[in-house]
Amino acid sequence: MKYFVFENFSLRILSVIVAVIGWFYVNIIVNPVVERQFEVDLALTDKRSDCVYKNVMPKVSIFIKGGRREIIENYYPIKSKLVASANVSKAISDSANKIPVNIVLPRGLELVKTEPREVEITPVLIDEHTAEVNVILQGTVKQGYYIKNCEVNPRTAKIRGPQKLTGGIKQILLPVNVANLETGLLLKQQPLTIVELAATGENADVTISPKDAEINVDIQPLPSKQVNIVAQISGKVAQGYKISTILCEPQTILIKGPAKTIDRVSEILTEQVDVSDIKSGLVQNVNLHVPADAGYVVENKPVSITITLQQIYKNQKFQKVRINPPAMKPGYEVELEKEFLDIIVNAPLNKLGELDSSSISLDSKLPAGDLDTGSVLLDLSISGATVPVEIKPSQVKGYIKIK
């Protein structure tokens, strides 16, 4: 037995040497351990269906260590088995999140390091809703015309984009320039854009479906009708006078506008005419007073206003007014039934103050025709009156006789 250990000793030593040489050849020469840097795809896991992920690095760098054969088998095939991942299940939306990078290596490979170890990812919450498509008309059509109808097709569109940008958008506006147009307008394939976002350049992540719309603007001549012109008067005429007539030339004028608007218009006022303290008629040219928001158009040409006045008459009683006998032909005389008379005078208001029972008298007048003796009715008038006045009684009885 004691020689058993040494039996074939040289052969055993040779076997060990051959084994060591074989291992060295296989592991050091044929499949040596090496360290390599590779770029691998970065995949996001546990993503939310209502989010898109921004600022995602497409690849990360990894440093691995292992046998050259294992590295070749796991990286260089058509589809690499080396993939990096980042779990975004707990990422907060609309905020930058630091997410660690995970690497699962096949057996036989060792991860030395990852660059970067964390990636910054921003989940953007996506909103999708339907909004109205509305046309904004810019400018004013040619005078005498109006926009009868404006249609857009489609009337709604679907908006999809970051909720913080699109969540409050209820309508999509389409500006259309109609300045000085007198015929209809048909616009096809007008791109739909969100004006609020386009102005700030934030519309890159927003999509609208469909992408364009068709606009049909119907422009027609305005309906018209004749309406009366009414003068606006300000102030008060002089005391004792009142306005008798107000005439406008022309008396009517043509207005144009939407039927619903002009149907409610029966007259157009002029600018104000001041009649303060006037004592005689007035002729003045003025313009029409048409508010800017009237909703109709009119040729605002000057209007001639003619105002006439008349004196205000009032009754006043006078007592014991003396009657002057009429002038008689030679050989005749008249005897009045009354020498004094109580009368009621209807005279201009501003003239009544000039009349007084003690200062006025009545002139009597014979009737026309041949004189004859006997009773006669004499017409009465206020002596020296400069304006027409009416008196009651207007006659007095007299007796004509021969001297």
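No value in this document is a laboratory result; all are computed from the given coordinates. Every value quoted in this text rests on a predicted model; they were computed, and no experiment measured them. For neighbour counting, all protein chains shown are included, and Cβ atoms are generated from backbone atoms with ideal geometry for every residue, glycine included.
Volume per residue for the stretch 181-275 equals 190 cubic angstrom (convex hull of Cα atoms). Scanning residues 5 or more positions from residue 146 or on other chains, those with amide H under 5 Å from its amide H are 220, 222, with H placed 1.01 Å from N in the peptide plane. Between the helical axis of 9-23 and the dominant principal axis of the chain, each derived from Cα atoms, what acute angle in degrees is found, rounded to the nearest 10? So the helix axis and the longest Cα principal axis differ by about 20 degrees. Across the stretch 224-311, Cα-Cα distances exceeding 14 Å account for 63% of all pairs. Stretching residue 389 away from residue 134 to a fully extended chain increases their span by 84.4 nm, per 0.36 nm per residue minus the current alpha-carbon distance. Pairwise Cα separations in the chain fall into 20 Å bins from 0 onward with the following percentages, short to long: 15, 18, 17, 14, 12, 9, 6, 4, 2, 1, 0.
Between residue 230 and residue 403, the modelled labels are 6.8 nm apart [label points 7 Å from Cα along Cα→Cβ]. Over all Cα atoms in the stretch 78-161, the spread is summed up by Rg and Dmax: 26.9, 88 Å. Its alpha carbons give the stretch 126-221 an Rg and a Dmax of 15.0, 49 Å. Estimated at 0.36 nm per residue, the fully extended path between residue 285 and residue 212 surpasses their Cα-Cα distance by 20.8 nm. The slack between residue 276 and residue 355, meaning 0.36 nm per residue of separation minus the straight C-alpha distance, is 25.7 nm. If R0 is taken as 56 Å, the Cβ-Cβ distance between residue 183 and residue 115 corresponds to a FRET efficiency of 0.25. Two numbers describe the Cα atoms of the stretch 312-403: Rg and Dmax, which are 14.2, 46 Å.
Please build a GNM for the chain, connecting alpha carbons under 10 Å apart, and tell me which residue among 294, 179, 368 fluctuates the most. The residue with the greatest mean-square fluctuation here is 368.
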